[in-house]
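**Student:** My questions all concern the structure below.
No lab work stands behind these numbers, since they all come straight from the coordinates. Note that the structure is predicted; figures quoted are calculated from it, not measured. Cβ sites come from the backbone with ideal geometry, for glycine too, and all protein chains shown count toward neighbours.
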């Protein structure tokens, strides 16, 4: 070690953890390109299992609050996720719910509509699974060397803030790389005394409006007489609001910040940035938006139009079920 290294101040510690999620958030961080060098230059990466050899015992040995910033992506699906959430909360000054799974539950949260029994059946008895003995996970198993254990699967997936106190929320599935870079720049400026952190509990790396406000498509407040999926349309007008063409688009309820990337290229917004500012329940807000463009006052006709939505729960709560007012269905809640 050089004399300069011995005299240089210790860098603040950074951590990132992957719970019940797909891994896209980890990739999004790496997608910030050369900006990742700023992370290395200003932080000591204390724990990031995807990117480095790190052990839980090393984190447990750290003093409390010794990690300045932890990005926690993924929901809390089993006991190990919960243990790591509580451990990293204890060791971190700033804990960020990073990505839709940690913030709202995202796709894994849709399993809250089913019991553990049904979830396991879907995984271990599907047409793509070779399981002639109908085996299921055993949380502990005795072998000659001792007892093997795996984490217990919880009946309901919870979001990070349903388990521990969270300082900031950064939505997106995954968060856009330019938003991640902007947040990293902000934290570095705070370290250098050039900026201040936003109030605790704030949503960072996103906007305060809706995707519709970012979308360049024209809105004419037209009324629709049917709802269809986009591939069922013979022709889609490239300049007109998709919802007003009878295609379910989640832009009216979804927080801005992505730049309306999907609608701009002819794909519907599916809501990955979660509820817009001030929205209490994402699904209820989206239902209101859809109802406002239905051109009918007749219950039977309205019902026929709404039949064009083949999966209402997956459409209205695709990313937000676990954090919504509904949260879960009875089969899951009865075992929670």
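**Student:** For the chain, what's the relative contact order in percent, using C-alpha pairs closer than 8 Å and at least 6 residues apart?
**Tutor:** That works out to 19 percent.
**Student:** To continue, here is another question. How far is it, in nm, from the label point at residue 130 to the one at residue 235 when both lie 7 Å from their Cα along the line to the Cβ?
**Tutor:** Between residue 130 and residue 235, the simple spin-label model gives 5.1 nm.
**Student:** Related question: Can you show me the helix-derived [θ] at 222 nm for the chain, built from DSSP H runs with n ≥ 4 at -39,500 (n - 2.57) apiece and divided by the number of residues, rounded to the nearest 500.
**Tutor:** -8000 deg cm²/dmol
**Student:** Return the single residue from 135, 157, 95 with maximal mean-square fluctuation; model: Gaussian network over the chain, springs between Cα atoms under 10 Å.
**Tutor:** Answer for the Gaussian network model of the chain: 135.
**Student:** Based on the alpha carbon coordinates of the chain, what radius of gyration and maximum Cα-Cα distance (Dmax) apply, in Å?
**Tutor:** Looking at the chain, its Cα Rg and Dmax stand at 22.6, 81 Å.
**Student:** Compute from the Cα atoms of segment 256-316 the Rg and the Dmax, the latter being the longest Cα-Cα distance, and quote both in angstrom.
**Tutor:** Answer for segment 256-316, Rg first and Dmax second: 13.4, 38 Å.
**Student:** Let me have the relative contact order for segment 165-230, percent, based on Cα pairs under 8 Å that are six or more residues apart. Kindly include the intermediate steps, with their values, before the conclusion.
**Tutor:** On the way: 35 pairs, mean separation 26.9, N = 66.
For segment 165-230, the relative contact order is 41 percent.
**Student:** Give the relative contact order (percent, whole number) for segment 212-282; include only Cα pairs under 8 Å separated by 6+ residues.
**Tutor:** On the way: 98 pairs, mean separation 23.1, N = 71.
Relative CO of segment 212-282 lands at 32 percent.
**Student:** Quote the FRET efficiency, to the nearest 0.05, computed for residue 122 versus residue 162 with a Förster distance R0 of 25 Å and r equal to the Cβ-Cβ distance.
**Tutor:** 0.60
**Student:** Size of segment 97-141 along its principal axes in angstrom, Cα-based, largest extent first?
**Tutor:** 39, 27, 17
**Student:** What does DSSP give for the chain in terms of the percent of beta bridges that are antiparallel, rounded to the nearest 5? Mind dumping the intermediate values first?
**Tutor:** On the way: 9 of 30 bridges.
Close to 30 percent.
**Student:** Calculate, in nm to one decimal, what residue 45 and residue 267 gain on full extension: separation in residues at 0.36 nm each, minus their alpha carbon distance. Intermediate values should be presented prior to the final figure.
**Tutor:** Working: separation 222, 0.36 × 222 = 79.92 nm, distance 3.75 nm.
Between residue 45 and residue 267, full extension yields an extra 76.2 nm.
**Student:** Where both residues lie in segment 1-133, what percent of DSSP beta bridges are antiparallel, nearest 5?
**Tutor:** Here the share of antiparallel DSSP bridges comes out near 5 percent.
**Student:** Highest first, please rank the peptides 244-251, 167-174, 199-206 by the mean number of other Cβ atoms sitting within 10 Å of their residues.
**Tutor:** Output ranking for 244-251, 167-174, 199-206: 167-174, 244-251, 199-206.
**Student:** Projected area of segment 211-326, taken from the Cα convex hull and averaged over every viewing direction, in nm²?
**Tutor:** 7.0 nm²
**Student:** Can I ask one more? Using 0.36 nm per residue of separation minus the Cα-Cα distance, give me the extension gain between residue 222 and residue 208 in nm, one decimal.
**Tutor:** 2.5 nm
**Student:** Moving on to the next point. What fraction, in whole percent, of alpha-carbon pairs in segment 59-156 exceed 16 Å separation?
**Tutor:** Considering segment 59-156, 68 percent of its Cα-Cα pairs are separated by more than 16 Å.
**Student:** Can I ask one more? How big is the gap, in Å, between the Cα center of segment 49-86 and the Cα center of segment 212-244?
**Tutor:** Using only Cα atoms, the two centres lie 44 Å from each other.
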